[in-house]
Amino acid sequence: MLLVTQLLIGAAIGLVITTTGVGGGVILLPVLIYLFGMNALAAVATANLLSMLMKLSSSYIHFRLGNIPLKPALLILGIMFPATFVASYGVTWLGSQPQYYDRVESGINILMIVAIVFSLILFLQRMIRRTAISDPLIALPPPSSVTFSSLFVPGVSAGFVLGATGVGGGLVVLPVLMRFAQMGIKEAIGTSIFITTILSGGSAIAYSAGGYTDVHTALILCLGSLLSIPLARYLLVYLSERFFQYLTLSFILISIIMMSWKLIN
């Protein structure tokens, strides 16, 4: 594939990740599997490295815009990190065993679809709940009031899914932040990007030990993503939360269709 084409693909992916928080499951995995011909394990490994690299600049943008409440962000990060790291090493070890390889491939694809569908349900519940609240005096609890106990189970579950499949920010962490951490869409997007930057880095280290990561492809796509930063920042400042809700929902639905089609075929 030509270098210019790869850079343009990276720019498109970077724009989607920065503006919606969606990346690993919806964009990166289908692109790496369908356009670059990777198998599931290689795609998950490369997606984790690429997600970390791309989201460094995205995290900086959201931090400057005030979209990352640090206390709840660090709380959910501390809950998710151990589960993500353990799942990454577990999948890497099983994938290295010839007798388990095919089962690991199928298991990853099935877990992706289950995670995406569950995330869609959480996302829709949150949208409906916010729409139903018409009285301005009725407000959702602020993110700072969220407790460890309320985030533990969803946090560990999201961390496991991210580590095992590479499906993370927009599809798993974002709905968890909106539903259980009571964040608005822009705060949830910024926080999910910040969290998955660190978690994807941990997963990338685990997968690199198994030799599955395509570092060259990840670096080229990452360079391309830098081209989209000015446009992404403009959109985040001037477009409404409602727009980002529907945009994120659209990518979740696309992901369900693409991953289901791959599993069937």
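The values are calculated or read from the model by the stated rules, or taken from the named source; none is laboratory data. For clarity, every value in this text was computed on a predicted model and none was experimentally measured. Neighbour counts are summed over all protein chains in view; Cβ atoms, including those assigned to glycine, are modelled from backbone coordinates with ideal geometry. We work out accessible area using only protein heavy atoms, side chains counted, and drop any ligands, DNA or RNA first. Shrake-Rupley method; radii C 1.70, N 1.55, O 1.52, S 1.80 Å.
Full extension of the chain between Leu239 and Tyr34 gives 70.7 nm of extra length, using 0.36 nm per residue less the Cα-Cα distance.
For Val156, what accessible area in Å² do you get when you roll a 1.4 Å probe over the heavy atoms of the protein chains, rounding to the nearest 10? Ignoring ligands and nucleic acids, Val156 comes out at about 50 Å². For Leu223, project a label point 7 Å along Cα to C-beta. Then give me every residue of the stretch 179-215 with its amide nitrogen under 16 Å of that point. Counting only backbone N, you get 215.
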